[in-house]
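Participant: One structure, as C-alpha cells, below. Some questions next.
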Amino acid sequence: MSASDDLKDLYQEVVLEHSKRPRNYRVVEGATAEAAGHNPLCGDQLVVTLKVEGGVIKDVAFQGQGCAISKASASLMTGAVKDRTRAEAEDLFERVHKLVTEGPESVDVDALGKLAVLSGVSEFPARVKCASLAWHTLRAALEGRGEAVSTE
Amino acid sequence: MSGFDVNQVRKDFPILHQEVRGRPLVYLDSAATAQKPQAVIDALVRFYQHDNANVHRGVHVLSERATEAYEGARETVRRFINARDAKEVVFVRGTTEAINLVAQTYGRKHIGAGDEVLITQMEHHANIVPWRMLCEQTGAVLKVIPVDDRGELVLDAVDALLTERTRILAVTHVSNALGTVVPVKELTRRAHAKGIPVLVDGAQAVTHFPVDVQDLGCDFYAFSGHKMFGPTGIGVLYGRKERLEAMPPYQGGGDMILSVTMEKVTYNRVPYRFEAGTPNLEGAVGLAAAIRYLEALGMENVAAHDRELLAYATQALEAVPGLRMVGTAREKSGVLSFMLADVHPHDVGTILDREGICIRTGHHCAQPVMQHFKVPATSRASLALYNTREDVDALVRGLHKVLEVFQ
C-alpha cells in the first residue's frame with residue numbers, strides 16, 4: 001500500500017468531518033461523573049463528562065484540544081457509547097483499542113459501526129495515543145477516578 | 001564559502017542517503033538530535049577495536065591509550081569553546097545533567113530560602129525543572145524574564161529582575177522552540193555588574209556558530225554531544241575554574257576521590273571531582289571526532305550556511321498559505337516553528353512523515369513558551385549543516401499536501 005493510501009485511510013472524510021465539527025462538544029448538564037485526559041507528549045487535553053443512570057450512560061460529552069485524530073475519536077466515541085451500559089462501553093473500548101493497534105483484521109469491523117473509520121490509525125503507531133485518549137478518559141470517568149489520566 | 005560545499009558535506013553522513021516510505025529522506029529534526037558523520041562513527045569503532053580500557057587507573061598500555069584519548073577529548077573541547085584550561089571541562093551525560101549538576105552543587109551550597117533564581121520564559125524544561133526542584137528543596141524563588149510577541153527577551157525587564165537576592169541567572173543561548181538567539185554576553189555583563197553568576201544552556205548554539213566562553217564571560221556553559229553530530233550520552237559542563245573549585249561534589253563514587261577510609265573521604269580536584277564512576281569514554285572520543293569534523297569545515301562557514309538557509313526557509317515557509325511563524329526574533333538560528341492554518345501540528349507531522357520528511361511536532365519540552373504564544377504545540381523544522389534548499393522545497397511541497405488533505 002502506498003504512503004498516500006495510508007494517509008487516505010487515516011484521514012477519511014468522516015474523521016476530518018468529526019474533527020472539524022465534533023459532536024457532543026459540550027459539558028453534560030447534571031453530570032454524574034467526569035474525568036480529564038492528558039497526553040503529555042502532545043499537550044493534548046480533554047475533559048469527558050457523563051450522566052449515568054441505572055448503570056446506563058444516558059449522556060456523554062467532551063471538550064478540549066487536540067489533533068484531528070483525537071478530536072474525531074472523542075466525537076465518534078460520544079455517539080457510540082450513549083445509551084450503553086458500562087460493560088458495553090468497556091467492551092467497545094477494548095475492540096476500538098484492538099482496531100487502532102492491530103488493524104481491521106483483528107476485530108469484527110462491521111459490528112463497530114462508524115467507529116470503523118478509525119481503522120487507518122493502525123498504520124500509524126505514533127498516533128494510537130491520539131485515538132485512545134478520549135477512551136481512556138471515559139474509562140476513568142466510569143470508574144469514578146477523579147485524578148487526570150495520562151497516556152504515558 | 002571556501003571549504004564548505006553542502007553536497008560534499010552530505011556525503012559524510014551515511015544515514016541521509018536512504019529512502020523512507022518510498023521517498024528520499026528529508027531530515028529536518030536536527031534540533032532534536034543531529035545525524036553523525038562517518039568520521040564520528042569510525043572513531044567509535046576504532047576506539048573499541050584498538051584502545052578500549054578503563055581510564056586513570058591502569059598501568060598497562062591500553063589504559064594509557066584510553067586515558068590519552070579521554071583527556072585528549074577534554075583538550076579538544078577546551079579548544080572548541082576557547083576555555084582557558086582543560087580542567088574547566090567536565091564531561092557529563094548531556095546538557096540536562098550539566099544543569100542539574102550546577103543546581104545541586106553550586107545551588108545547594110549558595111542558594112537558600114528567599115534567594116532568587118532567574119531564568120527566562122523561553123527555557124527548555126532542562127533549564128526550568130532543575131531550578132524548580134532546587135527551589136522546592138531550599139525555599140528559593142524562581143523568577144522569570146518575560147518574552148515578547150516576536151519571541152525575544154524583554155531586555156528592559158532584566159535589570160529589575162536582577163536583585164540583591166538573585167543568586168544565579170540561567171539562560172538559553174538559542175531557544176530550541178523558537179530559534180531566538182539570546183544576547184547572553186550582554187546579559188552576563190549586566191548580571192556580573194551585580195555579582196551574579198550566569199549559566200548558559202548552549203545545546204542549540206554550539207552546533208550553529210562559534211562559541212567562545214571567555215568572550216561571553218559566563219560562569220557555566222552547558223551543551224550536548226548528540227546535537228553537534230557526536231554520540232548521545234556525552235555532554236559538557238564548562239565552568240570557570242574558580243567556580244568549580246568552590247563547588248561540592250555531585251555524585252559519589254570512584255575517580256572523584258583522592259582517598260577513602262571508613263571515617264573520611266578526600267575529594268579529587270576538578271574536573272574529576274564531578275566525574276564519579278567510569279565515564280562515557282567512547283562518548284568523549286566520539287565528541288572529539290565531531291568537534292574535529294566541525295573545525296575542519298570551519299564554524300564560521302557552518303554559521304554562514306545556517307544563516308543563508310534559514311533566510312531562504314523563512315521566506316519559503318511564509319509564502320505557504322495560512323502558515324504563521326511562531327518566533328520571529330530579529331536574530332534566529334536553525335529553527336522554524338510554525339502553525340499551519342487550523343491543522344494541528346501532529347496531523348502536519350504525520351502527513352509530512354508519509355512524504356519522507358522528518359520534523360518535530362509538539363511542545364518541544366518548552367511548555368511555558370508555548371503558553372506565552374497560546375498554542376499547545378507547534379510544528380518545528382530545524383536545520384543543520386547538511387540541509388539544502390532542496391530539503392526546504394520538499395518541506396514546502398509537503399505543507400501544500402497537508403493543506404490538500406485538510407482543504
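Participant: How big is the gap, in Å, between the Cα center of region B:295-310 and the Cα center of region B:348-407?
Facilitator: Centre-to-centre (Cα) distance: 23 Å.
Participant: Given contacts defined as C-alpha pairs under 8 Å and at least six residues apart, what's the relative contact order of region A:3-150, whole-number percent?
Facilitator: 30 percent
Participant: Under 16 Å between alpha carbons, and skipping anything fewer than 8 positions from B:Lys227 in its own chain: which lysines qualify?
Facilitator: Partners within reach: B:Lys36.
Participant: Right, next: Please report the antiparallel percentage of DSSP beta bridges with both residues in region B:157-243, rounded to the nearest 5.
Facilitator: Of the beta bridges lying entirely in region B:157-243, close to 45 percent run antiparallel.
Participant: Output the peptides B:400-406, A:55-61 sorted from most to least packed, where packing is the average of other Cβ atoms within 10 Å over each peptide's residues.
Facilitator: Final packing ranking: A:55-61, B:400-406.
Participant: Please give the helix B:61-81 orientation as an angle from the longest Cα principal axis of chain B, in degrees from 0 to 90, rounded to the nearest 10.
Facilitator: Helix B:61-81 sits roughly 60 degrees off the main axis of chain B.
Participant: Which of the peptides B:7-13, B:34-40 is most tightly packed, and how do the rest follow, going by the mean number of other Cβ atoms within 10 Å of each residue?
Facilitator: Ranked from most to least packed, the peptides come out as B:34-40, B:7-13.
Participant: Also, I was wondering about something else. Round to a whole angstrom and tell me the spacing of the C-alpha centers of region B:245-288 and region A:74-104.
Facilitator: 55 Å
Participant: What is region B:1-56's relative contact order, in percent, from Cα pairs under 8 angstrom and six or more apart in sequence?
Facilitator: Relative CO of region B:1-56 lands at 29 percent.
Participant: Separate question: Give the separation of the Cα centroids, region B:1-68 to region A:45-70, in Å.
Facilitator: Their Cα centres are 50 Å away from one another.
Participant: Still on this structure: Antiparallel DSSP bridges in the protein assembly as shown: what percent, to the nearest 5?
Facilitator: That works out to approximately 70 percent antiparallel.
Participant: Can you tell me which of B:Asn54, B:Asn100, B:Asn127 moves the most in a GNM of chain B? Springs connect C-alpha atoms under 10 Å apart.
Facilitator: B:Asn54
Participant: Per residue, what volume in Å³ does the convex hull of the Cα atoms of region B:1-147 enclose?
Facilitator: Taking the convex hull of the Cα positions in region B:1-147, it is 220 Å³ per residue.
Participant: Round to the nearest 10 and give me the degree value, 0 to 90, for the angle of helix A:86-102's Cα axis relative to the longest principal axis of chain A.
Facilitator: Orientation of helix A:86-102: about 20 degrees from the principal axis.
Participant: What trypsin sites (Lys or Arg not before Pro) in region B:196-242 are in a loop by DSSP, with at most 10 other Cβ atoms within 10 Å of the Cβ?
Facilitator: Within region B:196-242, no trypsin sites (Lys or Arg not before Pro) qualify (loop, at most 10 other Cβ atoms within 10 Å).
Participant: Something else: Once you keep just the Cα pairs under 8 angstrom separated by 6 or more residues, what percentage relative contact order results for chain B?
Facilitator: Normalised by residue count, the contact order of chain B is 23 percent.
Participant: Name the shape class, rounded, prolate or oblate, that the alpha-carbon gyration tensor gives for region B:41-295, where a ≥ b ≥ c are the square roots of its eigenvalues, rounded holds for a/c under 1.5, and otherwise prolate holds if a/b is larger than b/c and oblate otherwise.
Facilitator: Oblate, because a/c is 1.5 or more while a/b does not exceed b/c.
Participant: Rounded to the nearest angstrom and ordered from largest down, what semi-axes does the equivalent ellipsoid of the protein assembly as shown get from its C-alpha gyration tensor (root of 5λ)?
Facilitator: One finds semi-axes of 45, 29, 24 Å for the protein assembly as shown.
Participant: For B:Lys109, go through the lysines and keep the ones whose alpha-carbon is under 20 Å away, minus same-chain ones fewer than eight residues off.
Facilitator: Cα-Cα hits under 20 Å: B:Lys143, B:Lys194, B:Lys241.
Participant: Looking at the square roots a ≥ b ≥ c of the eigenvalues of the Cα gyration tensor of region A:3-150, which shape do they give, rounded for a/c under 1.5, prolate if a/b is larger than b/c, or oblate?
Facilitator: Taking the square roots of the gyration eigenvalues as a ≥ b ≥ c, region A:3-150 is prolate.
Participant: If you take the square roots of the eigenvalues of the alpha-carbon gyration tensor of region A:38-109 and sort them as a ≥ b ≥ c, do you get rounded (a/c under 1.5), prolate (a/b over b/c) or oblate?
Facilitator: The shape class here is oblate.
Since every read-out is calculated from the coordinates, none of them should be taken as a lab result. Everything numeric in this text was worked out from a predicted model, so none of it was measured. A quick note on method: Cβ atoms are made from the backbone with ideal geometry, for glycine too, and the neighbour counts reach across all protein chains shown.
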